[in-house]
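Below is one structure; the comments refer to it alone.
Quick note: the coordinates plus some simple rules give every number you see, no bench work behind them. Computed from a predicted structure; not experimentally measured. Every residue, glycine among them, receives a Cβ derived from its backbone with ideal geometry; neighbour counts consider all protein chains shown.
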Amino acid sequence: MEKLSDIEKRLKTFADPNNRSIAEYLENMGRVTLDLFISYDGNIEDIADEIGGLLGMKLKKETDEFGEYHYMFRCLEIEFVLYGNHGLDDGGGIIFSDYNYQMQILKLYSGEKYKSYDTIYNNIAVFLTEKLSLAFNASAILVDNLQSVVFSTVMTA
């Protein structure tokens, strides 16, 4: 997995008045995420049940404006959204088509209020990646700042 600094090095300079990279621009927008991708042949309900069992809670099934459903839950000021069809094309050095499920892991706050928040956020994401990979004997990756990876792929296409 590439780290944010590695991704930033590969990005073109974003044309804004402050000459920030797109990674910095997106980070300042407050929507930087960690995204877990897993290659599993079973159904999304199996993954939702496994996560629910780990956390001792049932995940909420929701439907978006396009009729696609996903599972969502919040825990420790972090939002988790599990998708069955991420719709991403391969790019940015990642073969997204190898992974049929995506869990977006979104910080609801920055680490300014609680110094340990960023650490626990990262550790939970890594733990879930490892746990799901082992539970389903499946390949899994954790992508830092997916928005920048996708944007860099679009910029180089």
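Mind sorting LYS113, LYS60 by how few other Cβ atoms lie within 10 Å of their own Cβ, fewest first?
In order of increasing Cβ crowding within 10 Å: LYS113, LYS60.
How far apart, in nm, are two points set 7 Å out from the Cα along the Cα-to-Cβ line at ASN122 and at LEU55?
2.1
Sticking with the crude label model, points 7 Å out along Cα→Cβ, report the distance from TYR114 to GLU77 in nm, one decimal please.
0.5
Quick one: what are the phi-derived ³J(HN,Hα) couplings along segment 131-144, Karplus 6.51/-1.76/1.60 with θ = phi - 60°, whole Hz, x for glycine and proline?
Ordered by residue, 3J(HN,Hα) equals 5, 5, 4, 6, 4, 9, 6, 10, 6, 9, 9, 10, 10, 8 Hz.
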